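Input: a single structure, listed below in structure tokens.
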Amino acid sequence: MADRRRVQRRKRNERTPEDNRQQERRRGERRRHERVAAEIMVEVETSGKRTYRRTGNISIGGLGFHAPIPFKKGSEVRLRLKLAGRDGQITVKGVVVGTDETGRGTRVKFVDLTEKSKDKLIEHLQLFDAPTVIGRSPFPPRPRKEPAVMVREGLLLCESLGVEFRLRGTDKVVGREPTLADIVLSHPTISRRHAHIYLQNGRHVITDLASTNGIHFRQKRIHSLVLRDGMVFKIGRVQVQYLVTKQV
């Protein structure tokens, strides 16, 4: 029946009814705000159930997950996002608007994003030099004092453990368990899967994977950190220095 209707519609050259073109999905935030591939760990909670997921993309209107969350479409959820930058954590309510083939949630739309939280989210997206379509930006353009450096290869130095690791464009997981991590740090303060290092717009970024002892920079625990040449930070209690070995 469906095939016959499609064939007849083509022959009569009918236009799709306007009501069908104005579905809620087409009017959603996907059309108002550009999604940016900025990975962060998010705590999702509803009805006493809590889970953690890493985002695949994020915008001012909502976010999508790499792996589905165990909540159905229409479920109201409470999200805690740990963003890059100073005091970057925000809490926001959302509703599940997209699911996979099993009915589990893959996309969440924000429903009560305050102006203060929006500013922090904008700052997070700007730290990755990613374009964000949000109308008029509340921030003036940031002047560049020097040309941007595109990292080709980096080096992690762990002097206390006597090891070093080379970083290229591929993602790396830092941890204590050899079967779960690409960069193995044998230290009791390192979790089995402690952190994720990846290349974002030519810069290496390290993100905490909900570890016990976290990542610290300038004596403060942080969630995500854009690495720069010569930067010193701690993974757990292991002091690490990042160096750029090749650049353009």
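At a glance:
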{"read-out": "Stretchable slack from V111 to L161, in nm (0.36 nm times residue separation minus alpha-carbon distance)", "value": "13.3 nm"}
{"read-out": "Ranked by how many other beta carbons lie within 10 Å on average, peptides 179-189, 57-67 from highest", "value": "57-67, 179-189"}
{"read-out": "Within segment 91-119: backbone nitrogen closer than 12 Å to the R80 label point (7 Å, Cα to C-beta)", "value": "91-92"}
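Throughout, read-outs are computed from the coordinates displayed, never taken from laboratory work. These numbers come from a predicted model, not from an experiment. We place every Cβ from the backbone using ideal geometry, glycine too, and count neighbours over all the protein chains shown.
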